[in-house]
Amino acid sequence: MKLFQEKPQVQQYKTAREFVEAFSIGQGDFILASKSTYENYFEGLCDGAVVRFKTDYGNSEPTDIMLNALLADFRQLDCNRVIAIGGGAVIDMAKILVLDTEAEAIDIYQRKAELTRKRELIAVPTTCGAGSEVSNVSIVELTELGTKLGLADDVIYADYAVLIPELLEKLPYHFFATSAIDAFIHAIESYVSPRANGYTRLFSKEAMRMILNGFKQVIAGGEEVRKSLLEEFLIASNMAGIAFANAGTGAVHAMSYPLSGTYHVAHGEANYQFLVAVFKKYEALNPSGDICELNEYLAGILGCDKASVYSELEAILGKIIEKKPLREYGMKEDEAKVFAESVIAGQQRLLNQSYVKFDAEIMEEIYRGLY
């Protein structure tokens, strides 16, 4: 039984220039990037490389339509190495470019196409949340199905995960907050996953500690304090990514996908809506399992008793960024049942990785409670 693996080689550089020089980026390379990050930090450094921006294919989080446009463009080029510079959306899109296939996106994500690898991938995160640079998961919205779907396969791991704290310096506070909360969710969900073990929990625990302590400093000193903590948050996000790449995420992610797919709520923000409600339900359904040890650990970080962990966690996260009721995103109350059934139909991979496997009735109750 496999316990743990870390396939990408993790490297860190102080500046974009150091990274470009170390990897000799240029002729034969395809760069998919966030436009603002590339223009701020990489402009003029990557002579000879083919450069495309995520916004060349669409302005939303990845959809099958965007990926098909990217694949059509990329297949006309002669590039042997793919470099992804961006948040989770950019890296998730770039992962598909390593495959040796002419298939459309929907067939790739529904595993109707053979998945074999052809190219090297270097992943450079520009947020402190996705952890996609060290995961074997790529997430896309399948527009025909009206939900997101994750492809999880070792063949799409990056070869290198490159951490450059400089790239987060201009990240707006909202994106910093939602991405850091997303990283925390990766850590906490992977901690209670049935696939978790002593190796994965080392990364989960350290990521949770670093993120919560960082949030305390931001709350005490104001939003600008985050700029002195970028390296810590980037490393914590990477550690959380390593944990969930091995142990998986669960019902928080599963329940967020219909909200994101229907109302185009950003991934980290959508996950945030369900975090506390899902873990309170976990605790109610199985209070004596691994969640008991988790609550004791969190209580030590938060400075509260075990019984108050989720109330205290909700209070801290609420000071970082406000959590809104689902109706403010456009959700209709009668969609609670529809969303729950959608998760049952399309997110069994995530439900099977949950601390307690929810049925449709439990999820409908959570959706209605958050409405």
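Here, each number is a calculation from the coordinates, and none is a lab measurement. Since the model is a prediction, treat every value here as computed from it, not as a measurement. For neighbour counting, all protein chains shown are included, and Cβ atoms are generated from backbone atoms with ideal geometry for every residue, glycine included.
Note on Cα extents along the principal axes in Å: of the candidates (i) 51, 45, 40; (ii) 58, 44, 44; (iii) 60, 49, 37, the value calculated from this structure sits at (ii).
Amide H to amide H, with H built 1.01 Å from N, residue 120 comes under 5 Å of 82, counting only residues 5 or more places away or on other chains. Placing dummy labels 7 Å off each Cα toward the beta-carbon, the span from residue 60 to residue 120 is 3.6 nm.
Normalising the average separation of contacting C-alpha pairs (under 8 angstrom, six or more residues apart) by the number of residues puts the relative contact order of the chain at 16 percent. What helices in the chain pass both tests, a Cα length along the helix axis of 30 Å or more and a mean Kyte hydropathy of -0.5 or higher, using whole DSSP H runs? Both cut-offs are met by 198-221.
With the helix formula -39500 (n - 2.57) applied to DSSP H stretches of n ≥ 4, the chain reaches a computed 222 nm mean residue ellipticity of -15000 deg cm²/dmol. For the range 172-370, the fraction of C-alpha pairs farther apart than 23 angstrom is 40 percent. When all alpha carbon pairs of the range 258-362 are counted in 10 Å bins from zero, the resulting P(r) reads 13, 40, 35, 12, 0 %.
Can you give the % of DSSP beta bridges in the chain that are antiparallel, to the nearest 5? Before the final figure, lay out the partial values.
Working: 7 of 29 bridges.
Approximately 25 percent, going by the DSSP bridge assignments.
Paramagnetic label reach from residue 169 (point 7 Å along Cα→Cβ; backbone nitrogen cut-off under 18 Å): within the range 75-109, residues 86.
May I ask which of 95/170; 205/337; 54/148; 95/337; 54/170 have a Cα-Cα span longer than 23 Å here?
Numbers: 95/170 25 Å; 205/337 34 Å; 54/148 18 Å; 95/337 33 Å; 54/170 18 Å.
Where the Cα-Cα span goes over 23 Å, the pairs concerned are 95/170; 205/337; 95/337.
Taking amide H as placed 1.01 Å from N in the peptide plane, residue 10 has its amide H under 5 Å from the amide H of 161, each at least 5 places away in sequence or on another chain. Considering only 294, 193, 149, and ranking their Cα positions along the charge dipole of the chain that arises from unit charges at the beta-carbon of Lys, Arg, Asp and Glu, the one farthest toward the positive end is 294. Stokes-Einstein, applied to the Kirkwood radius of the range 14-138 over Cα pairs at a viscosity of 0.890 mPa s and 25 °C, places its translational diffusion at 167 µm² s⁻¹. Looking at the range 79-204 alone, DSSP beta bridges between its own residues are antiparallel in about 45 percent of cases.
For residue 31, the residues whose amide H sits under 5 Å from its own are 50, 51, 52, 83, ignoring neighbours fewer than 5 places away on the same chain, with H placed 1.01 Å from N.
Its Cα centre serving as origin, the range 88-138 has a Cβ charge dipole (Lys and Arg +1, Asp and Glu -1) of approximately 100 debye.
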